[in-house]
Amino acid sequence: MSALIELKNISKSYGDLKALDNVSLEILPGRIVGLVGPNGAGKTTLLRALTGELDYTGEAKVLGYEPRSQRAELMLETGVIHDISVLPSWMKVNELLGFMDGIHPGFNRETAETFLKTTTIPMDKKIKSLSKGMKTQLHLAVTLATETKLLILDEPTHGLDILFRKQLYTSVLEDYFDEEKSLLISTHQIEEVEHILSDVIFINKGKILLYASIEELGERFTQLTIPADQADKLRTELKPMSEYGILGRRVFLLENADTQALVKMGDIQTPSVADIFVALMGGAA
Amino acid sequence: MNALRVLLKREWLEWRRVVIGTILIVTFLNLLMLLSVSRGSAFFHDKLERDGHIKLEDIQINDENVGDVDIRMKGNDIEISIDGDAASKNIDKWMSKITVPIIFGLRIGMMGIFGFVLFLSMFYFSDAIYKEREDNSTLFYRSLPVNDHYLLGSKIAAGLIGVIGLTLFLSIEYLAFTRLAIWIMGEPFNALAALVLSHISYVGMLWDWFSYLIFAAIHMAPLALFLMLVGSYVKGRPLLIGLGAPILFAISWAIVFQSIAFLKYIAKFFWGFNQVLIDQWELMHGGLDGEVLVYGNFWAYLFNIDTLISVLVSGLLYYGIWHIYRKNIPAG
């Protein structure tokens, strides 16, 4: 199966700051990939490189297209929702739908209008008069109504309330995703999306720290909960990646550990992606 | 091409209020003109009724002495005599001679309209990309399956079509209002106007004007693209920076180096494409006959070194705009 996204030694610098540092990876089609990293890690830079919005060094192929030189062809099959509001503020909602209808051959106006009927967005209002949440809903409606193979969401829930955040991912899964399509979601609120991800990429300071499927993460990382009085002894033996205390017990996060042996020491479970991420970042509670 | 059509429609949707507002303003000014004419004609009608005739003394057309013109009503008929000679052949001769300055005068009015539209177009070109940067919609447009040349080309095309189209529309409106003004003035002015207008082809005049606008658009394109370039880069106030910075630089250069070279260049740029009108004015003084003044030398005006320089400079500026547009530099 050919890769959906292929990156080889992608680098991007802003002056002295290396936003992307020799990033190489392959993402297969039909996956829901989470791109996780702290603020300033390079998530948005990476996504903008994938959509041809900025220059970079190295080689990139997305859906078989080179993003910089074949951006228009690539965007025919790719939908993007950015981390900031990007819809033209002067346009009215119905004008935006008319514009999309004329400019994108894959856009279905009826689908967009059906989605918008489930919201409180007035069709005759200018986009600049809508709330942030409404703008995101509108952008989502327009993007989901466009037939594409790849959907890129760059921190789409940034600044939105919990109800809307839940609704957004539900809409994306129910109305967009199928085995023919792929999703790439960038977020620093991993706990919101980890339940829908098939793969996860950890990025920090422009470098890829880890790229694995959720199943692999479950096999590779283990969380061990032990009584506090045994922590000192087991810490030396097990050398956990990270640990924290809770309700008088210590929780260790271990990599490539022998789970058969760990069962005798305490309670084991699969750690959350967030806990793995924090451990890899070198943090500790 | 469908993408270009949709993008041009987008520009219309965004700027239609400016276009409609401009039409309303010029229409209002034309109505004011009609009001002034109506009041002025009342004065002449009173004089005609009181004195029985109007005498215009020592009339000259193109520095050529015509003589005294006497206009009197005889029942419903108008009698015009020049230096006592009422022969229709001679009247017609002088009426045809007055055609050229009248056309030139009408063109001055149309130039005023063009100047107003050009002034407004500077706001358009400086804001065309800047407004996209302000609301980050450049990211939206570049997430669509449309290449950058269509996105930028649609803005340039919309600006040029808008300037030429709006100027032509308002010029036609202006000519219609001048014709209406003559009708309002009533007799004998209607009869006088008929004698003059019989020598004028409005279609020819408008075609001539359209040709001139094409010529002017080519020569103003570097300024338009320069303003777009500034708008694609600066953090704020693109028009102020785009116009102010070169003027400030030229003034500073003049003060520091006591050379007005840059000031002369700026003046030449803004005035230079009016050389056509200057040439025509000179020709008039040289003495033309009563034919409608067509562009005549259009191809010579169009295909010359200045046009080539304009096209080359415009090409370079467009490359700069495209290069910076792709970087999507946010506005302040």
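The values are calculated or read from the model by the stated rules, or taken from the named source; none is laboratory data. Treat the numbers as computed from the prediction; the structure is a model and nothing was measured. Positions of Cβ are backbone-derived with ideal geometry, glycine not excepted, and every protein chain shown enters the neighbour counts.
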(request) Return a yes/no flag: does the range A:112-127 have any residue that is closer than 27 Å to B:L151 by Cα and within 9 Å of another protein chain (Cβ to nearest Cβ). (result) yes
(request) List the strands (runs of 3 or more DSSP E) that sit entirely inside the range A:1-95 and contain at least 2 residues that are away from chain B (no Cβ under 13 Å) and more than 26 Å from A:K205 (Cβ to Cβ). (result) none
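Go through the range B:129-162 and give me each residue that's among the polar types (S, T, N, Q) and touching a residue at least 24 places away in the same chain (Cβ under 8 Å).
Matches in the range B:129-162: B:N136, B:T138, B:S154.
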(request) Give me a count of the residues in the range A:13-39 that are touching a residue at least 60 places away in the same chain (Cβ under 8 Å), of a type outside the set (D, E) and over 25 Å from A:D178 (Cα atoms). (result) 9
(request) Starting from residues that are among the small types (G, A, S) and within 14 Å of chain A (Cβ to nearest Cβ), keep the ones in the range B:127-162 and report whichever is surrounded by the most Cβ atoms within 10 Å (Cβ to Cβ). (result) B:A128
(request) Mind telling me which of the residues A:I201, A:I246 ends up being β-branched (V, I, T), crowded, with 16+ Cβ neighbours inside 10 Å and within 30 Å of A:I162 (Cα to Cα)? (result) A:I201
(message) If I filter the range B:305-328 down to residues being touching a residue at least 24 places away in the same chain (Cβ under 8 Å) and among the small types (G, A, S), which single residue comes out as nearest to the other protein chains (Cβ to nearest Cβ)?
(response) B:G320
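Anything in the range A:233-277 that is among the polar types (S, T, N, Q) and not in a strand (DSSP E or B)? List them, or say none.
A:T236, A:N256, A:T259, A:Q260, A:T270, A:S272
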(request) Tell me, please, whether a residue that is under 18 Å from the mean Cα position of the chain (by Cα) and under 30 Å from B:K9 (Cβ atoms) can be found in the range A:96-118. (result) no
(message) So in the range B:1-24, with the set limited to residues that are free of Cβ contacts under 8 Å to residues at least 40 places away in the same chain and more than 14 Å from chain A (Cβ to nearest Cβ), which one is surrounded by the most Cβ atoms within 10 Å (Cβ to Cβ)?
(response) B:G21
(request) Filter the range A:172-222 down to the residues that are at pLDDT 90 or above and aromatic (F, W, Y), then identify the one that is farthest from the chain's Cα centre (by Cα). (result) A:F221
(request) Select from the range A:81-109 the residues that are in contact (Cβ under 8 Å) with a residue 24 or more places away in the chain and either more than 20 Å from B:E132 (Cα to Cα) or not assigned by TED's automatic domain parsing to the domain that holds A:R165 (or both) and list them in ascending order. (result) A:P105, A:G106, A:F107, A:N108, A:R109
(message) For the condition in contact with a Lys or Arg (Cβ under 6 Å, 6 or more places away or on another chain) and not polar (S, T, N, Q), what is the one hit in A:A228, A:A212?
(response) A:A228
(message) Quick check on B:K264: is it surrounded by fewer than 18 Cβ atoms within 10 Å (Cβ to Cβ) and either touching a residue at least 24 places away in the same chain (Cβ under 8 Å) or under 27 Å from B:M110 (Cβ atoms) (or both)?
(response) no
(message) Kindly evaluate B:A191 against the criterion of being among the hydrophobic types (A, V, I, L, M, F, W, C), part of a helix (DSSP H, G or I), in contact with a strand residue (DSSP E or B) (Cβ under 9 Å, 6 or more places away or on another chain) and surrounded by fewer than 18 Cβ atoms within 10 Å (Cβ to Cβ).
(response) yes
(request) Run B:G165 past the list (1) crowded, with 18+ Cβ neighbours inside 10 Å; (2) free of Cβ contacts under 8 Å to residues at least 40 places away in the same chain and report the number of the one that doesn't hold. (result) (1)
